[in-house]
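Before any comments, here is the structure.
Derivation of every value follows stated rules applied to the coordinates shown; laboratory data play no part. It should be emphasised that the depicted structure is a prediction, and the values quoted were computed from it without experimental measurement. Methodologically, a virtual Cβ is constructed for each residue, glycine included, from the backbone with ideal geometry; neighbour enumeration extends over all protein chains shown.
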Amino acid sequence: MLAGRQILLIIGGGIAAYKSLELIRRLRDRGASVIPVMTKAAEEFVTPMSVSALAGHAVHRDLFDLGHEAEMGHIQLSRAADLVVVAPATADLMGKIAGGLANDLASTLLMATDTPVLLAPAMNVRMWDHPAVQRNAAWLRDQGFGFVGPNEGDMACGEFGPGRMSEPMEILAAIEARLADGPLADGPLKGKRIVVTSGPTHEPIDPVRYIANRSSGAQGTAIARALASLGAQVVFVTGPADVPPPEGVEVVRVQSARDMRAAVQAALPADAAVMAAAVADWRVASESKSKIKKTKGALPVLEFEENPDILAEVSQMAQGRPGLVVGFAAETDDVIAHATAKRARKGCDWIVANDVSPETGIMGGTENAVHLISDAGSEDWPRMGKQAVADRLADRIAAALS
Ligand code: C5P
């Protein structure tokens, strides 16, 4: 996988820079070539001498290094690589990319490149938690930047929490996965277009209030990730979820059920549709265009009307129906019986049913215990992580579409 690949490794200025030395060794052991770039701050933590000795390649340090500039411009430097890896990715480097700043070689390369970029953040836990850093990380994810870590643990500064850079072997695995995800990916879903809905919907009451539900979007996000990793072209239609969207998918953000329906219709035709969103069943009939005022003695009364049933609509399309339509059923009692009836009512091919009674901890949790209901009856899957459920479902979808 790594043999013959070229990695442009940008080392930022953080204590975790020492782990990048090990990363260089591991990459080279596997046959990759490493072109190292160091920021000024990185040189305070590891020496360019060690880096270039391990990389077997001179370190690029300066934007205005005329010798190098004459041989190979900085744009070429970043574009020749199969992958750009930033480790450690400091708050400063992430902020520069997100803010569009380019005042040294590392930030200029990052702005000039059209090569995929993988970031391995490392910083103090409070820095990582800072809203500005979180905003930058979310924006970068949205733009398709890959992330590995940060991990949670004891930090060099004596604090505990997320902010530790991933270990070299974890970064290596992420590099391999990222390269496999690239245009070379030859997974079983290559060439298949799949629409995935995910997350809750927000149904407006007035400009400041809405009705929502407890869906985190975790299961739908995991499914989109699993399908993309098998090579599918995924359109990910998501309500306002708690978890960031996965990499390598087309993200369409929506608020209400009606927005979601329009986005799904626009994304069709597709080979398959997986509707994991917790779509609100009702919306407020007369959404107020201005904020409803609190008036003494008069309580507002909300009237509801039914939302479109996106799953049923797609399942029952007369023309251009996706070859496989998968719905979800979150039930609190008689799970299999209700889900089987739901499958018939909606007209979808499969239903993934789960028990969301509060005592299961599934809604908003990290695990899921599901039943796959199809023509063939009901299959009970053991309780497992939401990503494992997603991976298994993606394998089944690949088998069904092949
Ligand atoms: O009817 P119920 O909400 O239990 O059905 C759940 C399934 O239907 C899920 O797959 C969900 O995404 C989908 N659904 C939908 N549009 C709605 C309601 C539910 O697509 N308005």
(Q) Counting pairwise Cα distances across the stretch 6-180, what percent come out greater than 27 angstrom? (A) 17 percent
(Q) Based on Cα coordinates alone, diagonalise the gyration tensor for the stretch 191-296, multiply each eigenvalue by 5, take square roots, and list the semi-axes in whole Å, largest first. (A) 30, 13, 9
(Q) Could you list T90, T197, T332, T108 so that the one with the fewest beta carbons within 10 Å of its beta carbon is first and the one with the most is last? (A) T332, T108, T90, T197
Q. Based on DSSP H runs of at least 4 residues, each adding -39500 (n - 2.57), what is the mean residue ellipticity at 222 nm of the chain after dividing by all its residues, to the nearest 500 deg cm²/dmol?
A. -10000 deg cm²/dmol
Q. With charges only on Cβ, +1 for K and R and -1 for D and E, what is the dipole size of the stretch 193-401 about its Cα centre, in debye, rounded to 20?
A. 760 debye
Q. So, in nm, how far is label K291 from label T366 when the simple model puts each one 7 Å beyond its Cα toward the Cβ?
A. 3.9 nm
Q: Could you pull the Cα extents of the chain along its three principal axes, largest to smallest, in whole Å?
A: 70, 60, 39
Q) From a point 7 Å beyond the Cα of R253 in the direction of its Cβ, which residues of the stretch 132-152 have a backbone N at a distance under 17 Å? A) 132-145
Q. Relative contact order (percent) for the chain, with alpha-carbon contacts under 8 angstrom and 6 or more residues of separation?
A. 11 percent
Q. What share of Cα pairs, in percent, lie more than 19 angstrom apart in the stretch 214-272?
A. 27 percent
Q | Per-pair calculated FRET efficiency, R0 = 45 Å: L299 and L268 via Cβ, rounded to 0.05 | A | 0.60
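Give me W381, W128 sorted ascending by neighbouring Cβ count inside 10 Å, so fewest comes first.
Working: W381 16, W128 21.
Taking fewest neighbouring Cβ atoms as first place, the list is W381, W128.
Within a Cβ distance under 14 Å of G31, other residues only, what is the Lys/Arg minus Asp/Glu net charge?
Once all neighbours under 14 Å are counted, the net charge is +2.
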Q) Using the per-residue mean of other Cβ atoms lying within 10 Å as a proxy for protection, in what order, highest first, do the peptides 386-397, 130-141 fall? A) 386-397, 130-141
Q) Considering only P246, N307, A285, whose Cα is most displaced toward the positive end of the charge dipole of the stretch 223-309, charges sitting on Cβ of Lys, Arg (+1) and Asp, Glu (-1)? A) A285
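If neighbour count is taken as other Cβ atoms inside 10 Å, put S52, S198 in order from fewest to most.
If I rank by nearby Cβ atoms, fewest first, I get S52, S198.
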Q.
If the elastic network links every pair of Cα atoms under 10 Å, which of A106, A344, A218 fluctuates the most in the Gaussian network model of the chain?
A. A344
Q) Quick one: which of K192/K346; K190/K342; K291/K346; K19/K190; K19/K386; K190/K346 span more than 26 angstrom between C-alpha atoms? A) K190/K342; K291/K346; K19/K190; K19/K386; K190/K346
